[in-house]
1. If all Cα-Cα distances of region 372-486 are sorted into 5 Å bins from 0 onward, what percent lands in each bin, rounded to whole numbers?
2. So how long is each side of the chain along the principal axes, counting just the alpha-carbon atoms, biggest first, in Å?
3. Using amide H atoms built 1.01 Å from N in the peptide plane, name the residues 5+ places from Leu209, or on other chains, whose amide H lies under 5 Å from its own.
4. At R0 = 51 Å, how high is the FRET efficiency between Arg476 and Ser20 if r is their beta carbon distance? Nearest 0.05 is fine.
5. Could you work out how far apart the two model spin labels at Val12 and Cys353 are, taking each label as a point 7 Å from the Cα in the direction of the beta carbon, and quote it in nm?
6. Out of region 229-305, which trypsin sites (Lys or Arg not before Pro) are coil in DSSP terms and have no more than 10 other C-beta atoms within 10 Å?
7. How much length, in nm to one decimal, is gained on full extension between Glu203 and Glu485, taken as 0.36 nm per residue of separation minus their Cα-Cα distance?
8. Over all distinct Cα pairs, what is the inverse of the mean 1/r for region 1-122, reported as the Kirkwood hydrodynamic radius in Å?
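Bear in mind these aren't lab numbers, they're just calculated from the coordinates by the rules spelled out. As the structure is a computational prediction, the values presented were derived from the model and not from experiment. Heads up, the Cβs are rebuilt from the backbone with ideal geometry, glycines too, and the neighbour counts pull from every protein chain shown.
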Amino acid sequence: MLDDLFSVERFVGDAGIALSRIGRFLGDTSVRGLALTDPALVMAAAGKLTRGGRPDDAAMHADRLAAILDLYARTGIPVYSPGYMGRQFSGPLPVTAAVDLASAILTQPASFYEAGPLPSVAERIMGEELNRFLGMPADRFTMVTTSGGSLANLTALLAARGRRYPEVWTTGLAGLDRRPAIAVGEDSHYSITRAAGLLGMGEAQVVRLPLDAARRIDPVRAAAELDAAAARGLDLFALVATAGTTPVGAIDPMEALADLAAERGLWLHVDAAHGGGMIVSDRLRARLAGIERADSIAWDAHKTMFVPAACTMLFYRDRDHAHAAFRQEASYVFEKTPDRYTAFDAAEKNFECTKRPMIMSLWVPWALYGPAPFVEKIEGLCDMAVQAHDLLRAQRDFVPLHRPDSNILCFRYVPEPPMDEAASGALQTEIRNRVRSRGRFFISKVDLDGQAALRVVFMNHVVTAQHVGLLLDEIRTVAAMVLEERA
Ligand SMILES: Cc1ncc(COP(=O)(O)O)c(C=O)c1O
């Protein structure tokens, strides 16, 4: 049996089925949203496909594999459709599927050079390629991949803690006579406060920095907040800026925040999980000015670099600091004196032991095409957000809530006669839910200062102003239905 399951013929046949089914999904660019399916129905369909598998029935395997892939595609968000404007992941560049297929068969976990020579080298090369745009000191910086931006944020804050309090790795926080604290913008991602919990500092030691009208950290009020925190007895060791906040895609003023961090001896971490991709564009790079002054940068390639999740890069300004995050001895894997092979090992710098060779899905398209498709895509998406903003501004019944810094735009539908805040918030939520359940468009919702707003994230380059116009018509239709039902 195993000989058959491992045969090349079997593999080629199965890959053929996958190509035809997934190719159909990729090629369907009709305007569609999420057909959100009742979990009970998905359970029933998947349950039926789970039972009765037999190793020796090739015809049944082909049918079942096709049915599983169809169910997989049918129940998910159609990320290649122009109706998809809802979340921060994109349909990846299709060539990356070929890379992932190879990665599954070749199996080269990437924390150790010995297990993944090419991924280990590709990680070094991509670090250097992308640092040409980031501008960290070429002879000092290093980059390590991690399984997601949340883990990169945690790892960076561990390194920051390790630099300020090296003894804590051994003594724990109980060994300190100070209260370690970090400062973050009000709109920072939840993984940052979660990291504070995991680091044992406690969320109460997270200082929230106020935002300006564009929802970027206000550096003047931030300075006052940092002083007040120090006066309360908090020992601040890190400041976290965000390049592309999750709610609205805002980019914090990194030059000013780097000044604040330098004056106070704080580690500056930039969470560029969302906005990092803008750095490759000559036109957009200036929006990230100051990022090169960060001690660490988290950058999700699976967001605005359009590769399969997870593929996150964590850059450190000083490679010595990368070793401050984790300290341990394990003689079965870690060598005290690196040789020319183990010098490429990433395991001491990343949390994972077995790690997906994630860099391959970024390095291969970069090696094939260079930066051009990444530049074209991110510029197109950011332009689209501005066009959508201008379109909304010209409507009587919509109000955009900010001019986009990146590819995210939040807005509200404003009916006639206008409603009070609570009723308007409830209406936005109802609109979002109905739009989703009608299945033509997929958009998201976010609470800003406690009030619900509609949110679009432009991740699909096929979306045009015409599609945005159709979305606004859909929202009007849905809002009229809701208001009529309420009347
Ligand atoms: C600004 C920001 N940081 C971090 C994350 C977490 O990244 P990941 O989903 O890769 O863990 C996100 C995810 O949306 C994000 O928007």
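1. Reading upward from the zero bin: 2, 12, 23, 25, 20, 11, 5, 2, 1, 0, 0.
2. Result, largest extent first: 71, 60, 42 Å.
3. The list, which skips near neighbours in sequence, is Val184, Gly185, Glu186.
4. Working: r = 39 Å, r/R0 = 0.77.
For Arg476 and Ser20, the calculated efficiency is 0.85.
5. For the pair Val12/Cys353, the computed spacing is 3.9 nm.
6. Details: sites: Arg232, Arg264, Arg283, Arg285, Arg287, Arg293, Lys303; in loops: Arg232, Arg283.
Filter output for region 229-305: Arg232.
7. Values: separation 282, 0.36 × 282 = 101.52 nm, distance 4.28 nm.
Extra length from Glu203 to Glu485 when fully extended: 97.2 nm.
8. Values: mean 1/r = 0.0585 Å⁻¹.
Taking every pair of different Cα atoms in region 1-122, averaging 1/r and inverting gives 17.1 Å.
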